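A short reminder: the numbers here are calculations on the coordinates, not readings from a lab. Given the structure is predicted, the values throughout are model-derived calculations rather than measurements. Cβ: placed from backbone, ideal geometry, glycine included. Neighbour counts: every protein chain shown.
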């Protein structure tokens with residue numbers, strides 16, 4: 001099912017502690033919750049699991065703590081048939097943790113303690129990146145140090161690997177990094193922070209996407225939640241709709257989208273088809289609770 005290329009995910013691994021309640025607490029407010037879940041998470045790990053379940057050949061590079069959360073994460077990755085050879089252990093800092101509140105409409109607010117993710121350095125990635133090739137897809141986010149992500153992106157670009165950057169959480173990036181990106185996938189908020197254009201509708205999404213292309217990014221996708229995604233390439237400009245579903249938990253929808261996108265590109269799908277495929281995967285994801293636990297398998301994907 002997958003093409004010859006591997007999907008190299010360089011990013012974070014966290015344990016998510018989720019409380020589902022009727023409403024999100026306001027500052028200073030205590031809300032009695034209904035359900036508590038403890039799930040493996042982290043943007044990097046979520047995207048890697050999504051890609052693996054959808055048929056990708058995934059290598060995960062991350063930094064974990066020498067604790068039960070880190071050990072559980074590696075065990076989980078191995079259960080998903082991912083290559084964990086480039087996951088390193090920090091002897092001082094604990095593994096990353098995220099505290100997540102989810103309301104009755106599936107909206108969430110998240111606080112992350114990065115722990116060992118903050119110590120993933122270029123040195124931990126050198127061997128991996130020496131062996132990356134033009135057939136491989138590199139998928140990165142920004143829950144690791146920005147300088148490490150920048151180092152990895154430049155190295156992947158030099159090796160002619162196609163790089164997808166999900167710029168989440170949004171962070172200032174060196175201007176000369178944008179031409180190294182095959183694809184950037186901000187949501188509306190992140191696109192606004194990267195371009196200074198407030199994305200509120202299709203017209204402003206198109207304007208922000210054009211600005212990112214002007215910076216040198218080859219292709220731009222701005223994710224628009226339930227409305228789908230705006231795609232801008234040399235030959236296409238427009239919204240690709242997502243299936244309409246009733247959301248239960250939107251926690252890892254963007255991560256699912258990015259992991260699915262990497263699989264589609266590794267399989268050499270055209271970008272329009274790749275975005276539609278990713279939108280279908282994300283729509284399935286939001287109908288379930290949790291981050292990695294909500295990622296769909298290829299067998300569940302609609303034709």
Once normalised by the length of the stretch 7-294, the mean sequence separation of its alpha carbon contacts under 8 Å that are 6 or more apart gives a contact order in percent of 18
Using alpha-carbon pairs under 8 Å, 6+ residues apart, how would you state the relative contact order of the stretch 15-160 in percent?
23
Between residue 211 and residue 68, how many nm apart are label points set 7 Å from Cα along the C-beta direction?
4.7
How large is the convex hull of the Cα atoms of the stretch 223-287 per residue, expressed in Å³ as a whole number?
64
Return 97, 68 ranked ascending by Cβ neighbour count within 10 Å, so the fewest neighbours appear first.
68, 97
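Going by C-beta contacts inside 10 Å, put 162, 298 in order with the fewest on the left.
In order of increasing Cβ crowding within 10 Å: 298, 162.
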Final fewest-first order of 154, 22, 53 on the 10 Å Cβ neighbour count is 22, 154, 53
The stretch 39-140: Rg to Rh, with Rh as the Kirkwood radius over Cα pairs
0.99
Averaged over all directions, how much area does the convex hull of the C-alpha atoms of the stretch 176-260 cover when projected, in nm²?
5.8
Can you work out the PRE-style zone for residue 201? Point 7 Å along Cα to Cβ, and I want the residues of the stretch 235-259 with backbone N under 16 Å.
239
Percent RCO, i.e. relative contact order, over the stretch 11-62, from Cα pairs under 8 Å lying at least 6 residues apart:
43
Using only DSSP helix segments of four residues or longer, with each worth -39500 (n - 2.57), what per-residue ellipticity at 222 nm results for the chain after dividing by its residue count and rounding to 500?
-9500 deg cm²/dmol
